[in-house]
Amino acid sequence: MNLSIVEYPDKSLRKISQEVKEFSSELHILLDAMYPIMMNTNGIGLAAIQVAHALRVLILNIPNEDGEQPKENLLEIINPHITAKSGEALYQEGCLSVPQFYEDIKRFETVSISYQDRDGNTKVLEADGLLSIAIQHEIDHLEGVLFIDKLSYSRRKKFEKEYKRMKKEQKES
Ligand code: Y12
Ligand code: CO
């Protein structure tokens with residue numbers, strides 16, 4: 001399966017992703033194709049909508065204390081639901097669909113989720129730190145929400161101007 005990252009302002013990033021009902025080989029092929037694209041672009045999280053598949057599927061591979069992302073730490077999260085949330089945390093976020101832009105975003109400090117794995121088994125996960133932030137960021141993608149939507153009006157205006165300029169320069173080079 002040949003995938004590429006969809007970049008803002010592509011409108012398809014605004015789609016609401018659909019629940020996965022069949023845990024078939026098609027789903028496994030998608031998950032297996034998402035992993036190398038995330039790793040090859042230095043990502044730690046990727047939602048299926050970012051590779052043009054509007055399904056409630058996301059993967060995460062949070063770096064360990066040595067900054068490594070061994071495959072055994074890969075989380076494949078399907079049909080997630082946040083079941084509990086608490087606290088407040090500010091974290092500098094980035095997104096493979098919004099290249100070269102990073103900004104502090106306020107999120108819940110800890111979240112608990114229930115989700116399904118690639119075989120449809122129900123799992124629960126309690127997360128804090130970067131894992132919690134990345135889960136919230138990726139679950140937002142399933143609703144068509146990007147981290148830039150959480151910027152203040154003036155910061156968003158500045159971003160749009162900078163991003164347009166960056167895209168233009170990219171086109172010209
Ligand atoms: C905070 C909140 C959520 C996350 C998870 C999702 N974001 C990413 O995985 C971002 C990755 C990223 C990687 C980049 O590197 C390359 O594209 C090679 C990157 O660099 C550029 O845009 C030039 C930007 C973002 C993480 C943290
Ligand atoms: Co993102």
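FYI, it's all coordinate maths here, none of it is from the lab. Bear in mind that the values here come from a model prediction, so they are computed numbers and not experimental data. Neighbour counts run over all protein chains shown; Cβ positions are idealised from the backbone, glycine included.
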Partner lysines for Lys167 [C-alpha distance under 30 Å; skip if fewer than 8 residues away on the same chain]: Lys11, Lys15, Lys106, Lys150, Lys157, Lys158
Relative contact order (%) - criterion: Cα under 8 Å, at least six apart; region: region 11-172: 22 percent
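Please give the length that would be gained between His81 and Lys164 if that part of the chain were fully extended, namely 0.36 nm times their separation in residues minus their C-alpha to C-alpha distance (nm, one decimal). Numbers along the way, then the final one.
On the way: separation 83, 0.36 × 83 = 29.88 nm, distance 3.43 nm.
Using 0.36 nm per residue and subtracting the Cα-Cα distance, I get 26.5 nm.
Sorted by average packing, counted as other Cβ atoms within 10 angstrom per residue and highest first, what order do 47-59, 22-34 take?
Ranking, from highest mean packing down: 47-59, 22-34.
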Debye equation applied to the C-alpha atoms of the chain, log10 I(q)/I(0) at 0.09, 0.11, 0.12, 0.17 Å⁻¹: -0.30, -0.46, -0.55, -1.12
